[in-house]
Amino acid sequence: MSLRVAIGPSSFAAEDKTPIQLLEQAGCEIVPNPFSRRLTEEEIIEHLKGIDGLIAGLEPLNRKVIESAPQLKAIARVGIGVTNVDFDAAKEHNVIVSNTPDGPVNAVAEMTLTALLALCRQLIPTNNALHNKEWKKSIGRGLLGAKVLLVGYGRIGRRVGKLLQAFGAEPIIFDPFADSASIPNGLIQVHDLHEGLGKVDVISLHASGTDTLLGMDEFTHIQEGTILLNSARGELVDEALLCEALDSGKISGAWMDAFVEEPYTGPLCGYEQVLLSPHVGTYTKQCRLGMESAAVENILRDLGLS
């Protein structure tokens, strides 16, 4: 009897069928995501009935979900973050959890720089104006000499830092878990978030977890006209306070690629100075194929099929 593998991510193998073919070649029965979107708790519980392995996205994999799937043996996350997985429950029920930490690095870093450049040079409003046959020129910002606070200095944060340096920007690092010895010479590290927020032109979030990092106290320390970039998790930013900061001009522009609730239809949709993308930081052909193939390799290994 073949092992059954459920697919969580809505876009899994949408561009390249190689990851699906790898599962088929291993003799797995594949159970696709039935809704083509992120599954809710109730939906993932139903999706995992009779399932041996899960190729996971960001669906909730809490204790209730894991305990409802007694046949489940392995979870292979497509991506870096695994805060949606209850590791204690997984361990108690002998469910092996893996991720693909290297796959998203270049794609997310590239898109972070793309969003920053678009905001700095006001490409969205000038493009919209010209499509309306309005010849409007505006003076934007350059990255040369810009101070950028990297909140989180893991794989993606480090890559973003290198790209920023290539443009002549000055990365400043805040990461309480980063070893100072791992930070390249010439880069500044701050050990207090408030200190970092008060001295930069741009804030770029690359932290894990779901705790709020930018709340009331933090917004009071942010400089007027700062740009905010969030490719990590929607929970990191208090959205109501962000809206207030946009209204006042304290935040002059923002890019959000992650939201507490997805699909997103919230108040940020009403701000022209906010660049919104539907959680597609990893959506390059190279990145998706690499992450998905690595997740398949992980699930086959953990199910004893390789």
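The values are calculated or read from the model by the stated rules, or taken from the named source; none is laboratory data. Since the structure is predicted, the reported quantities are computational estimates derived from the model, not experimental observations. FYI the Cβ positions are ideal-geometry reconstructions off the backbone, even for glycines, and counts take in every protein chain you see.
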> How many of the residues making up the stretch 247-271 are assigned to a loop (DSSP other than H, G, I, E, B), at pLDDT 95 or above and loosely packed, with under 14 Cβ neighbours inside 10 Å?
Replying inline: 2
>> Give me the helices (runs of 4 or more DSSP H) completely within the stretch 56-173, filtered to those with at least 2 residues that are of a type outside the set (Lys, Arg) and farther than 25 Å from residue 280 by Cα, ordered by residue number.
In response: 63-67, 87-92, 123-131
>> I want to confirm something. Restricting to the stretch 40-50 and keeping residues that are outside any helix (DSSP H, G or I) and closer than 16 Å to residue 5 by Cα, which single residue is farthest from the chain's Cα centre (by Cα)?
In response: 50
> Are any residues in the stretch 139-173 within 18 Å of the chain's Cα centre (by Cα) and within 12 Å of residue 200 (Cβ to Cβ), and if so, which ones?
Replying inline: 149, 150, 151
> Out of the residues in the stretch 51-100 that are hydroxyl-bearing (Ser, Thr, Tyr) and under 19 Å from residue 297 (Cβ atoms), which is surrounded by the most Cβ atoms within 10 Å (Cβ to Cβ)?
Replying inline: 100
> residue 33 versus (1) touching a residue at least 24 places away in the same chain (Cβ under 8 Å); (2) of a type in the set (S, T, N, Q); (3) surrounded by fewer than 21 Cβ atoms within 10 Å (Cβ to Cβ): which is the lone unmet condition?
Replying inline: (3)
> Taking the condition of a type in the set (A, V, I, L, M, F, W, C), farther than 14 Å from residue 59 by Cβ and surrounded by 12 or more Cβ atoms within 10 Å (Cβ to Cβ), does residue 6 pass?
Replying inline: no
> How about the stretch 51-69: which of its residues are in contact (Cβ under 8 Å) with a residue 40 or more places away in the chain and more than 17 Å from the chain's Cα centre (by Cα)?
Replying inline: 51, 52, 53, 54, 55
>> Taking the condition of being surrounded by fewer than 13 Cβ atoms within 10 Å (Cβ to Cβ) and either modelled with pLDDT under 95 or closer than 19 Å to residue 81 by Cβ (or both), how many residues in the stretch 211-240 meet it?
In response: 1
>> Checking the structure you have, find out if any residue of the stretch 194-201 is out of contact with any Leu (no Cβ under 9 Å at 6 or more places or on another chain), at pLDDT 95 or above and hydrophobic (A, V, I, L, M, F, W, C).
In response: no
